[in-house]
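Participant: Handing you this structure, nothing more for now.
The values are calculated or read from the model by the stated rules, or taken from the named source; none is laboratory data. Just so we're clear, the structure is a prediction, and the values are computed from it rather than from any experiment. Using ideal geometry, Cβ is built from the backbone for each residue, glycine included, and neighbour counts are taken over all protein chains shown.
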DNA sequence: TACCCGTGGGA
DNA sequence: TTCCCAAGGGT
């Protein structure tokens with residue numbers, strides 16, 4: 001294995017040449033805009049996030065701007081990014097930032113962690129990418145790069161281990177100025193080159209020291225499937241949310257249960273009732289005297 | 001810990 | 001077509 005410093009240089013140099021020009025990476029990007037991007041990027045590809053992020057930044061350039069509107073507006077503007085509870089939590093986080101931090105995104109990981117929708121990854125990412133603090137950032141891309149480069153496996157295990165956290169911490173550059181660039185660079189390498197499927201090892205700056213390549217690129221071992229998609233509550237809930245986003249006024253319950261997008265799932269009445277109930281319980285929908293709508 | 005939570009695109 | 005996967009978080 002080469003010296004760690006050689007890896008730092010090889011990967012950050014590659015990043016300087018090949019990193020994408022994403023708007024939330026610009027020097028003038030606000031901490032809030034970075035935080036919004038991190039919420040949107042949770043389990044969602046960059047290309048789908050870009051147009052929605054641009055719209056949000058235009059409409060809600062500060063936490064106070066978002067907090068001043070009903071949560072339903074955040075849900076509607078979330079569009080089809082998926083996992084709409086992220087929009088609900090982002091709105092709640094904005095409200096908390098206004099109430100408890102004078103409208104400014106907090107800069108310590110502990111304060112960030114206390115916000116709804118912010119977990120270990122997002123807290124470290126905002127501290128690092130918005131405030132240039134040398135936090136250890138570990139996402140799915142970084143885990144995969146580490147697995148291949150050092151462990152020789154095609155993919156990391158489903159659960160994040162203490163050994164992985166220790167490795168990520170050990171790999172952090174001592175130089176604080178380099179630390180955040182290192183995090184971003186490894187993440188970008190995983191996103192563009194060291195991808196889950198069809199990795200572009202020919203374009204990899206550290207292929208020569210990759211344990212996975214040295215081992216002959218053994219295939220990943222897939223764990224048995226989770227639940228199928230068709231017929232799941234997630235599909236039915238998504239259909240309800242699509243109907244509510246498109247509605248300009250509260251939809252009578254009976255009409256919503258028979259909405260075209262909902263019917264198209266083929267879900268039986270019992271499941272439709274259960275899913276609508278869960279959306280109401282989650283605060284993703286609101287039921288008033290004239291029907292169901294996005295929350296106020 | 002294991003499971004749940006949306007959506008769309010690529011192989 | 002089917003299946004995997006994408007800058008995770010909450011319970």
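Participant: Please go through segment A:225-250 and give me each residue that is free of Cβ contacts under 8 Å to residues at least 40 places away in the same chain and away from DNA strand C (no atom under 16 Å from the Cβ), ordered by number.
Facilitator: Selection gives A:236, A:239, A:243, A:246, A:248.
Participant: Something else about it: Output the residue which, of all residues in segment A:229-239 that are assigned to a helix (DSSP H, G or I) and out of contact with any helix residue (DSSP H, G or I) (no Cβ under 6 Å at 6 or more places or on another chain), is surrounded by the fewest Cβ atoms within 10 Å (Cβ to Cβ). Please lay out each step first, then the result.
Facilitator: As a first pass, look at segment A:229-239 and keep what is assigned to a helix (DSSP H, G or I): A:233-239.
In the following step, the residues that additionally are out of contact with any helix residue (DSSP H, G or I) (no Cβ under 6 Å at 6 or more places or on another chain) were identified as A:234-235, A:238.
Values: A:234: 13, A:235: 17, A:238: 19.
Out of the qualifying residues, it is A:234.
Participant: Step by step: first the residues of segment A:189-224, then only those that are surrounded by 11 or more Cβ atoms within 10 Å (Cβ to Cβ) and near DNA strand C (Cβ under 10 Å from one of its atoms), then the one that is farthest from residue A:22 (Cα to Cα). Which residue is that? So that I can check it myself, show each step before the final result.
Facilitator: As a first pass, look at segment A:189-224 and keep what is surrounded by 11 or more Cβ atoms within 10 Å (Cβ to Cβ): A:189-196, A:199-201, A:203-207, A:209-215, A:217, A:220.
Pick out the ones that are also near DNA strand C (Cβ under 10 Å from one of its atoms) and you get A:190-192, A:194-196, A:220.
Numbers: A:190: 16, A:191: 13, A:192: 13, A:194: 19, A:195: 19, A:196: 21, A:220: 31 Å.
Applying the filter and picking the extreme gives A:220.
Participant: Restricting attention to segment A:51-82, and to residues there that are loosely packed, with under 15 Cβ neighbours inside 10 Å and over 19 Å from residue A:296 (Cβ atoms), which single residue is farthest from DNA strand B (Cβ to nearest atom)?
Facilitator: Among residues in segment A:51-82 that are loosely packed, with under 15 Cβ neighbours inside 10 Å and over 19 Å from residue A:296 (Cβ atoms), the one farthest from DNA strand B (Cβ to nearest atom) is A:61.
Participant: Which pairs turn up if I take residues in segment A:180-201 that are more than 18 Å from residue A:152 (Cβ to Cβ) and in contact (Cβ under 8 Å) with a residue 12 or more places away in the chain and look for partners that are more than 10 Å from DNA strand C (Cβ to nearest atom) and assigned to a loop (DSSP other than H, G, I, E, B) with beta carbon separation below 6 Å, at least 6 apart in sequence or on another chain?
Facilitator: A:180/A:132; A:182/A:173
Participant: Looking at segment A:1-25, which of the residues that are part of a loop (DSSP other than H, G, I, E, B) and out of contact with any helix residue (DSSP H, G or I) (no Cβ under 9 Å at 6 or more places or on another chain) is farthest from DNA strand B (Cβ to nearest atom)?
Facilitator: Here is the first cut: in segment A:1-25, the residues part of a loop (DSSP other than H, G, I, E, B) are A:1-3, A:19-22.
Cutting the leftovers down to out of contact with any helix residue (DSSP H, G or I) (no Cβ under 9 Å at 6 or more places or on another chain) gives us A:3, A:21.
Values: A:3: 33, A:21: 19 Å.
Taking the candidates together, the pick is A:3.
Participant: Might you check whether a residue that is farther than 21 Å from residue A:37 by Cβ, surrounded by fewer than 19 Cβ atoms within 10 Å (Cβ to Cβ) and within 16 Å of DNA strand B (Cβ to nearest atom) occurs anywhere in segment A:166-175?
Facilitator: yes
Participant: Sort out for me the helices (runs of 4 or more DSSP H) sitting completely within segment A:83-153 that have 3 or more residues that are surrounded by 22 or more Cβ atoms within 10 Å (Cβ to Cβ), assigned by TED's automatic domain parsing to the domain that holds residue A:60 and within 16 Å of DNA strand B (Cβ to nearest atom). Talk me through it step by step, then tell me what you get.
Facilitator: Working: elements: A:85-100, A:109-113, A:120-131, A:140-146.
Result: A:85-100.
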